[in-house]
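Quick notes on the structure that follows.
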Amino acid sequence: MILILDASTQTQSAEYRQLMAHLAGLQGVQARVHTELGAEQSLTEIYLIGNTKSLDIEDMQSLPCVERVVRVSQEYRILGRHKDDSRPAYFDYNGVRFGQDTLNVFAGLCAVDSAEHVEIMLRALRDNGQVCTRMGAYKPRTSPYAFQGHGKNCLPYVFELAGKYGIKVIAMEITHESHLHEIGEALHQTGNPTGVMLQIGTRNTQNFELLKIVGRQQRFPVLLKRGFGITLDESLNAAEYLASEGNRNVVFGLRGMKTNMGDPHRNLVDFAHVPVVKRLTRMPVCVDPSHSVGTRAASPDGILDIMHVTAQGVLAGANMVLVDFHPAPPQALVDGPQALLLKELPHFLEDVQVAREAYLKRV
Ligand code: PEP
């Protein structure tokens with residue numbers, strides 16, 4: 001039997017020593033401190049793994065420094081759903097709530113190409129009541145000769161413009177530890193006008209060293225995309241890497257799978273897995289219709305496939321939609337052919353709302 005004590009900064013306190021003495025008195029128990037969060041945290045969560053039936057949970061819960069005791073399975077220990085689990089299934093970041101009951105749209109540029117396009121995009125979002133966006137500064141590309149993103153050079157104007165247009169959270173992919181520092185530095189230099197959700201892309205889902213580094217910081221929440229060629233279990237374990245290092249503010253992103261079977265879309269859309277991820281874990285689930293479909297193809301009813309699959313994801317209970325728009329898709333430096341037009345934004349948002357209301361009626 002193992003007890004994992006999570007998130008205590010009270011390792012030196014009398015209360016904490018009392019807890020450890022209590023645990024040491026229990027037969028057959030191995031206890032280890034799992035994670036320490038920042039100094040402002042004082043919560044001790046105890047995760048019980050294995051055959052823990054003989055433990056008196058109430059007794060443990062009555063200790064002053066214990067916030068809650070959770071019996072967990074081996075799988076997805078921190079992010080997973082467990083019986084009688086009273087931990088909150090949401091997190092708040094920069095005034096925006098992310099949970100399995102909420103829905104946030106992140107429309108924006110796949111890749112930042114110019115300050116002018118960033119400003120046009122953000123103004124359109126503001127005019128349509130949006131407070132979140134996606135902006136790619138670091139782009140992992142298949143070809144080394146393709147545009148790799150403007151990197152840290154674009155961060156100051158992206159953040160300043162986000163502040164100007166009331167954007168609270170920008171989803172931004174990082175591929176290296178240095179990008180995390182560059183984002184922190186640029187936010188500081190521009191006076192923290194906005195928030196950032198770090199995105200780990202499908203090519204880095206199992207970059208465990210990057211996951212550990214991103215997991216060790218709690219300043220930014222994380223959007224982890226499912227790996228496009230690995231099992232769902234492997235991708236959920238990748239999310240658990242973030243949480244096991246201390247960062248539980250994780251959104252799980254579905255973005256389609258590679259099948260090499262001649263699919264009509266760039267990837268096989270996997271949005272039927274939205275309820276599965278919600279059943280297995282407490283993470284909010286994001287769908288990325290743009291990278292799943294990869295084209296502006298439309299069905300005979302005139303509706304773009306991207307809009308159809310967005311609605312499917314939202315109807316299945318998705319909590320976040322990440323979608324590419326561009327003020328002038330032919331000029332886009334990355335993924336122009338899948339970008340929606342700004343004039344389509346109001347209709348897109350309306351369609352999301354219709355699907356959301358239909359979902360809420362069904363539950
Ligand atoms: C992206 O969102 O810009 C992206 C590259 O996504 P993915 O990692 O899903 O390919």
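The values are calculated or read from the model by the stated rules, or taken from the named source; none is laboratory data. All of these numbers come straight from a predicted model, not from anything done at the bench. Every residue, glycine as well, gets a Cβ built from its backbone with ideal geometry; the counts of neighbours run over all protein chains shown. To get the accessible areas, we keep the full protein, side chains included, count just its heavy atoms, and leave off ligands, DNA and RNA. Shrake-Rupley method; radii C 1.70, N 1.55, O 1.52, S 1.80 Å.
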**OP:** Find the eigenvalues of the gyration tensor of the Cα atoms of the chain, then list the square roots of 5 times those eigenvalues as equivalent ellipsoid semi-axes, largest first, in whole angstrom.
**Re:** 39, 23, 18
Subject >> Descending semi-axes in whole angstrom, ellipsoid equivalent of segment 201-253, from the Cα gyration tensor >> reply: 17, 10, 9
**OP:** Please express the shape of segment 83-133 as an equivalent ellipsoid: the semi-axes are the square roots of 5 times the eigenvalues of the C-alpha gyration tensor, given largest first in whole angstrom.
**Re:** 32, 11, 8
Original post:
In whole Å, what is the distance between the alpha-carbon centres of segment 259-280 and segment 288-361?
Top reply: 16
Original post:
With every protein chain present, what is the per residue accessible area of segment 187-271 (1.4 Å probe, Å²)?
Top reply: 38
Original post:
Roughly how many debye, to the nearest 20, is the charge dipole of the chain about its Cα centre, given +1 on each Lys and Arg Cβ, -1 on each Asp and Glu Cβ, and no other charges?
Top reply: 300
Original post:
Based on the mean of other beta carbon atoms within 10 Å per residue, what is the order of 276-288, 90-102, 333-345, most packed first?
Top reply: 276-288, 333-345, 90-102
Original post:
Ignoring ligands, DNA and RNA, what percent of the accessible area of segment 91-206 is carbon or sulfur (1.4 Å)?
Top reply: 46
**OP:** DSSP loop (so not H, G, I, E, B), at most 12 other Cβ within 10 Å: list which chymotrypsin sites (Phe, Trp or Tyr not before Pro) in segment 123-161 pass both filters.
**Re:** 145
Original post:
How many percent of the alpha carbon pairs in segment 157-244 exceed a separation of 22 Å?
Top reply: 29
Original post:
What is the percent of Cα-Cα separations in segment 222-298 that go past 15 Å?
Top reply: 54
Original post:
In angstroms, what radius of gyration and Dmax does segment 272-363 have, counting Cα atoms only?
Top reply: 13.8, 42
Original post:
Can you give the extra length, in nm with one decimal, that the chain gains between residue 347 and residue 361 once fully stretched, where that is 0.36 nm per residue apart less the Cα-Cα distance?
Top reply: 2.9 nm
**OP:** Any chance you could run the full-extension gain for residue 102 through residue 56? It's 0.36 nm times the residue separation minus the Cα-Cα distance, nm to one decimal.
**Re:** 13.0 nm
Subject >> FRET E, pair residue 127, residue 354, Förster distance 22 Å, beta-carbon r, rounded to 0.05 >> reply: 0.60
